[in-house]
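**Q** Mind having a look at this structure? Questions to follow.
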Amino acid sequence: MDDPIGSHPTRGEQLDILASIVADNAAPEDRILDFGCGTGYVAKLIFDKRSDLRFTGVDLKPESLEAAVENLAPHGDRFDGFAGNLESLDEIGIPDGPYRFAMTALTFHDLPDDAKQGVISFAADRLTPDGYFLLYDRLRLTEAGTFPLQRSIWARIEREFGRGMRTAEDFDQYEADIAPNNRPGRLSDYAKWFADAGLVMQILHLHGNVALIGGVKSG
């Protein structure tokens, strides 16, 4: 199964880390809620490591869910898909769970900030008492003074992998290039949203400004 968003040169390693975290910490029959599951790529990474888990996938595009069902067919009824907009979660009919893991990969930058916060809160409310929320996405850069250092990281990635993530001549251009439908969250905002949802947050892996963040219920 091809990575549908494989242009990112470091994405494969980080998604394998996410899948490994779930596989290493899940119990048999644990349920996973995936916001923005797409064609089932990340679910397959996890199923390849642990075939005894259950997935509920949510995606805006019905055609992506149809592809996910086809791609995950070897796992039978262990995947259920629900079509709907993450900005209107209560209208989708997502089963209440509870879920041992909730996750989202490279979906949050498409959402406005209030929807990001809403998904985190929705997920936290449906986690088991020992449940985890995993978020993988870009972080919005906020400091003009350190932007030349970030540009060096992007340049190194391009040298090492033969293709780049993105670039900009300066911080003003970086901000101007952020489109209305490309809204990476600030780390400070994520810290607040996790805390407000009753989750203790930790950055688990960071490459450039692309982060894998974990949250666990605080009690």
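The values are calculated or read from the model by the stated rules, or taken from the named source; none is laboratory data. Being a predicted model, the structure only gives us computed values, none of them experimental. Quick reminder, even Gly has a Cβ in these numbers, built from the backbone with ideal geometry, and neighbours come from all protein chains shown.
**Q** Checking the condition modelled with pLDDT under 90 and either in the same structural domain as TYR41 (by TED's automatic domain parsing) or hydrophobic (A, V, I, L, M, F, W, C) (or both), which residue from GLY208, GLY118, GLY131 passes?
**A** Values: GLY118 fails: modelled with pLDDT under 90; GLY131 fails: modelled with pLDDT under 90.
Residue meeting the stated conditions: GLY208.
**Q** A further question on this structure: Would you check if ASP90 is within 25 Å of PRO180 (Cα to Cα), free of Cβ contacts under 8 Å to residues at least 12 places away in the same chain and in contact with a Phe, Trp or Tyr (Cβ under 9 Å, 6 or more places away or on another chain)?
**A** Criteria met by ASP90.
**Q** Also, I was wondering about something else. Kindly evaluate ALA176 against the criterion of being surrounded by 16 or more Cβ atoms within 10 Å (Cβ to Cβ) and of a type outside the set (S, T, N, Q). Give the steps one after another, and end with the answer.
**A** Working: surrounded by 16 or more Cβ atoms within 10 Å (Cβ to Cβ): no; of a type outside the set (S, T, N, Q): yes.
Answer is no for this residue.
**Q** Further question on the same structure: Does ALA195 count as more than 24 Å from VAL42 (Cα to Cα), small (Gly, Ala, Ser) and not assigned by TED's automatic domain parsing to the domain that holds ARG31?
**A** When the stated conditions are applied, ALA195 does not pass them.
**Q** Out of GLY162, GLY145, GLY215, GLY198, report the one residue that is at pLDDT 95 or above and loosely packed, with under 12 Cβ neighbours inside 10 Å.
**A** On the way: GLY162 fails: at pLDDT 95 or above; GLY215 fails: loosely packed, with under 12 Cβ neighbours inside 10 Å; GLY198 fails: loosely packed, with under 12 Cβ neighbours inside 10 Å.
Going through GLY162, GLY145, GLY215, GLY198 in turn, the sole match is GLY145.
**Q** Looking only at strands (runs of 3 or more DSSP E) that fall completely inside the range 6-109, which ones have 1 or more residues that are more than 20 Å from LEU206 (Cα to Cα) and of a type in the set (Ser, Thr, Tyr)?
**A** On the way: elements: 31-35, 54-59, 79-83, 99-105.
Ranges flagged: 54-59, 99-105.
**Q** Continuing with the same structure: Is it the case, given these coordinates, that TYR190 is crowded, with 16+ Cβ neighbours inside 10 Å and either over 18 Å from PHE133 (Cβ atoms) or polar (S, T, N, Q) (or both)? Talk me through it step by step, then tell me what you get.
**A** Working: crowded, with 16+ Cβ neighbours inside 10 Å: yes; either over 18 Å from PHE133 (Cβ atoms) or polar (S, T, N, Q) (or both): no.
It is false that TYR190 is crowded, with 16+ Cβ neighbours inside 10 Å and either over 18 Å from PHE133 (Cβ atoms) or polar (S, T, N, Q) (or both).
**Q** Taking only pairs six or more apart or across chains, which ones have beta-carbon atoms under 9 Å, a first residue in the range 183-198 that is farther than 13 Å from SER121 by Cβ, and a second residue that is aromatic (Phe, Trp, Tyr)?
**A** Once the first residue is farther than 13 Å from SER121 by Cβ and sits in the range 183-198, its partners that are aromatic (Phe, Trp, Tyr) give ARG183/PHE108; PRO184/PHE108; GLY185/PHE108; GLY185/TRP193.
**Q** Determine whether THR10 is of a type in the set (Val, Ile, Thr) and touching a Ser or Thr at 6+ places or on another chain (Cβ under 9 Å).
**A** Here the answer is no, as THR10 does not meet what is asked.
**Q** If you don't mind, there's one more thing I want to ask. Report yes if THR104 is surrounded by fewer than 17 Cβ atoms within 10 Å (Cβ to Cβ), hydroxyl-bearing (Ser, Thr, Tyr) and at pLDDT 95 or above, otherwise no.
**A** Considered against the rule, which asks whether it is surrounded by fewer than 17 Cβ atoms within 10 Å (Cβ to Cβ), hydroxyl-bearing (Ser, Thr, Tyr) and at pLDDT 95 or above, THR104 comes out as no.
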